[in-house]
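Undergrad: There's a structure below that I have some questions on.
The values are calculated or read from the model by the stated rules, or taken from the named source; none is laboratory data. This one's a predicted model, so the numbers in the text were calculated from it and none came from an experiment. Cβ atoms come from the backbone with ideal geometry, glycine included; neighbour counts cover every protein chain shown. These accessible areas exclude ligands, DNA and RNA; they are computed on the full protein's heavy atoms, side chains included. Shrake-Rupley method; radii C 1.70, N 1.55, O 1.52, S 1.80 Å.
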Amino acid sequence: MATYSRVGLRDVIFWKLTEDNTTKLTYAAAAEPETLDAIDVKLTHNNTDPDVLYANDVENDVLYPDTDITMILEVKDLPLSLRAKLLGYTVDNKGVVIEEAGVTPPYYAMGFKSERRNGEDRLIWLLKGRAQPMDDTYRTKEGSTINRQNETLTMVFIKRTKDSLYKYIMDEEDVPAGKDAASFFTAVYSGTLADET
């Protein structure tokens, strides 16, 4: 089987998770996804230290706790409207973002594509995550020197309550014949790809 390195990142999308319990799982309506221009995404799996059981003077069994994923996203700019949504803040009728104490950010799914060297995409959905309050750095201009001030968004993704899933990932070239990979991003993936028409 041929392997290909990843060479790109694009089409980052956020989709609000409105309900997740033992009986019901609901994401927002299709008209509400949010997108932005991304520079870099880093995914780190946490809680990965093994619990090793010893018996008969040797390692006998290894268990791993449930993982969570820390996602660090670097963007050229995070629109204030999206920042407010991800963090649960209010925007008043003049467009001012009101950052209130005690606000719990809502859960969001996040999807993105990474082009691979063969021209096909790796497609990824992280299914349930909350944004952390953002740190801001502002720096003065220094003559003709350009100091870009990109922004960084950090989110922690956990497993869903309804089905214990936390991530979907696939390579576009592995899509079965007659199925449409584009449907992977028309909504948060639900376990089936649409038939091509």
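Undergrad: Heavy-atom accessible area of Tyr54 with all protein chains present, probe 1.4 Å, nearest 10 Å²?
TA: 140
Undergrad: Where the only charges are on Cβ atoms (+1 Lys, Arg; -1 Asp, Glu), what is the dipole of the range 79-197 about its Cα centre, to the nearest 20 debye?
TA: Numbers: 17 positive and 18 negative charges, 88 e Å.
So the dipole magnitude of the range 79-197 works out to roughly 420 debye.
Undergrad: Moving on. For the range 61-122, with only Lys/Arg (+1) and Asp/Glu (-1) charged at the beta-carbon, what is the dipole magnitude about the Cα centre, in debye rounded to 20? Each step should come with its number before you reach the end.
TA: Numbers: 8 positive and 11 negative charges, 73 e Å.
I would put it at about 360 debye.
Undergrad: How far apart, in nm, are the 7 Å Cα→Cβ label points at Val7 and Asp92?
TA: Between Val7 and Asp92, the label points sit 5.0 nm apart.
Undergrad: Averaging sequence separations of C-alpha pairs under 8 Å and six or more residues apart, then dividing by the length of the chain, give the relative contact order as a whole percent.
TA: On the way: 381 pairs, mean separation 44.3, N = 197.
Over the chain, the number comes to 23 percent.
Undergrad: I've got another one for you. Could you order Leu82, Leu9 so the one with the most accessible surface comes first? Probe is 1.4 Å. Present the calculation step by step, with values, prior to reporting the outcome.
TA: On the way: Leu82 0, Leu9 50 Å².
In descending accessible area the options line up as Leu9, Leu82.
Undergrad: I would also like to ask the following. When only DSSP loop residues count, what trypsin sites (Lys or Arg not before Pro) in the range 114-163 have their Cβ near at most 11 other Cβ atoms within 10 Å? If you can, show how the numbers build up before the last one.
TA: Working: sites: Arg116, Arg117, Arg122, Lys128, Arg130, Arg139, Lys141, Arg148, Lys159, Arg160, Lys162; in loops: Arg117, Arg139, Lys141, Arg148, Lys159, Arg160, Lys162.
Sites meeting the loop and neighbour criteria: Arg139, Lys141, Arg148.
Undergrad: Where the convex hull is taken over the Cα atoms of the range 117-197, what is its projected area averaged over directions, in nm²? Before the final figure, lay out each step's value.
TA: Working: hull surface 37.4 nm².
Averaged projected area of the range 117-197's Cα convex hull equals 9.3 nm².
Undergrad: Can you give the FRET efficiency for Ala38 and Ala177, using 1/(1 + (r/R0)^6), R0 = 25 Å, r = Cβ-Cβ distance, to the nearest 0.05? If you can, show how the numbers build up before the last one.
TA: Working: r = 31 Å, r/R0 = 1.25.
Working from the Cβ atoms, E equals 0.20.
Undergrad: Compute the convex hull volume of the Cα atoms of the chain, divide it by the residue count, and report the result per residue in Å³ as a whole number. The partial results should precede the final answer.
TA: Details: hull volume 47.8 nm³, N = 197.
So the per-residue Cα hull volume is 242 Å³.
Undergrad: For the range 113-195, what does the accessible surface come to per residue with a 1.4 Å probe? Please give it in Å².
TA: Values: 4990 Å² over 83 residues.
In whole numbers, the range 113-195 has 60 Å² accessible per residue.
Undergrad: Evaluate the charge dipole of the range 8-153 about its Cα centre and quote only its size in Debye, nearest 20, assuming +1 on the Cβ of each Lys and Arg and -1 on the Cβ of each Asp and Glu.
TA: On the way: 17 positive and 26 negative charges, 158 e Å.
Result for the range 8-153 is approximately 760 debye, rounded to the nearest 20.
Undergrad: Something else about it: Which ³J(HN,Hα) values in Hz, rounded to whole numbers, follow from the phi angles of the range 62-75 under the Karplus curve 6.51 cos²θ - 1.76 cosθ + 1.60, where θ = phi - 60° and Gly and Pro get x?
TA: Per residue, the Karplus-derived 3J(HN,Hα) values read 10, 10, 10, x, 4, 9, 10, 10, 8, 10, 10, 10, 9, 10 Hz.
Undergrad: In the chain, carbon and sulfur make up what percent of the accessible area (probe 1.4 Å)?
TA: Working: 5830 of 12480 Å².
Heavy-atom surface of the chain belonging to carbon and sulfur, 1.4 Å probe: 47 percent.
Undergrad: Could you give the length gained by full extension between Thr137 and Arg117, i.e. 0.36 nm per residue of separation minus their alpha carbon distance, to one decimal place? The partial results should precede the final answer.
TA: Values: separation 20, 0.36 × 20 = 7.20 nm, distance 3.49 nm.
Between Thr137 and Arg117, full extension yields 3.7 nm more.
Undergrad: When a/c reaches 1.5 or more, the comparison of a/b and b/c decides; with that in mind, is the range 89-162 rounded, prolate or oblate per its Cα gyration tensor? Before the final figure, lay out each step's value.
TA: Working: a/c = 2.53, a/b = 1.12, b/c = 2.26.
It comes out oblate by the Cα gyration axes.
Undergrad: Once you've got the Cα coordinates, tell me which of Lys24/Lys85; Lys16/Lys76; Lys141/Lys167 are over 31 Å apart.
TA: The pairs that break the limit, which is 31 Å between Cα atoms, are Lys141/Lys167.
Undergrad: Around Ala38, with a cut-off of 9 angstrom between Cβ atoms, what is the net charge of the other residues, counting Lys and Arg +1 and Asp and Glu -1? Let's see the in-between values first.
TA: Numbers: positive: Arg10, Lys76; negative: Asp11, Asp37, Asp40, Glu74.
Counting the neighbours of Ala38, the net charge comes to -2.
Undergrad: Under the rule of -39500 (n - 2.57) per DSSP H run of 4 or more residues, summed and divided by the residues of the chain, what mean residue ellipticity at 222 nm is obtained, to the nearest 500 deg cm²/dmol? Write out the running numbers ahead of the final one.
TA: Details: 1 runs with 8 residues, N = 197.
Computed ellipticity for the chain at 222 nm equals -1000 deg cm²/dmol.
Undergrad: Oh, and also: What does the C-alpha gyration tensor say about the overall shape of the range 105-148? Classify as rounded when a/c is under 1.5, otherwise prolate if a/b is larger than b/c, or oblate. Don't jump to the answer; show the numbers that get you there.
TA: Numbers: a/c = 7.50, a/b = 1.40, b/c = 5.37.
Oblate, since a/c reaches 1.5 and b/c is not below a/b.
Undergrad: Starting from the Kirkwood Rh over alpha-carbon pairs, what translational D in µm² s⁻¹ does the range 50-115 have by Stokes-Einstein at 20 °C and 1.002 mPa s? Provide the component values of the computation, followed by the final result.
TA: Numbers: Rh = 16.4 Å.
For these conditions, the coefficient is 131 µm²/s.
Undergrad: Something else now. Leaving out ligands and nucleic acids, note down the accessible area per residue over the range 1-97 with a 1.4 angstrom probe, in whole Å². Display every interim value, and only then the final one.
TA: Working: 6490 Å² over 97 residues.
Computed with neighbouring chains in place, this is 67 Å² per residue.
Undergrad: Go through the range 34-101 and name the trypsin sites (Lys or Arg not before Pro) that are in a DSSP coil and have 13 or fewer other Cβ atoms within 10 Å of their Cβ.
TA: Numbers: sites: Lys42, Lys76, Arg83, Lys85, Lys94; in loops: Lys76, Lys94.
Hits after loop and neighbour filter: Lys76, Lys94.
Undergrad: Place +1 on the Cβ of every Lys and Arg and -1 on the Cβ of every Asp and Glu in the chain, take the dipole about the Cα centre, and give the residue among Asn150, Ile39, Ile124 whose Cα lies farthest towards its positive end.
TA: It is Asn150.
Undergrad: Checking the table Lys128/Lys162; Lys42/Lys94; Lys42/Lys113; Lys113/Lys162 against a 23 Å threshold on Cα-Cα, which pairs fail? Show your work: numbers first, answer last.
TA: Numbers: Lys128/Lys162 11 Å; Lys42/Lys94 35 Å; Lys42/Lys113 13 Å; Lys113/Lys162 25 Å.
Flagged as over cut-off: Lys42/Lys94; Lys113/Lys162.
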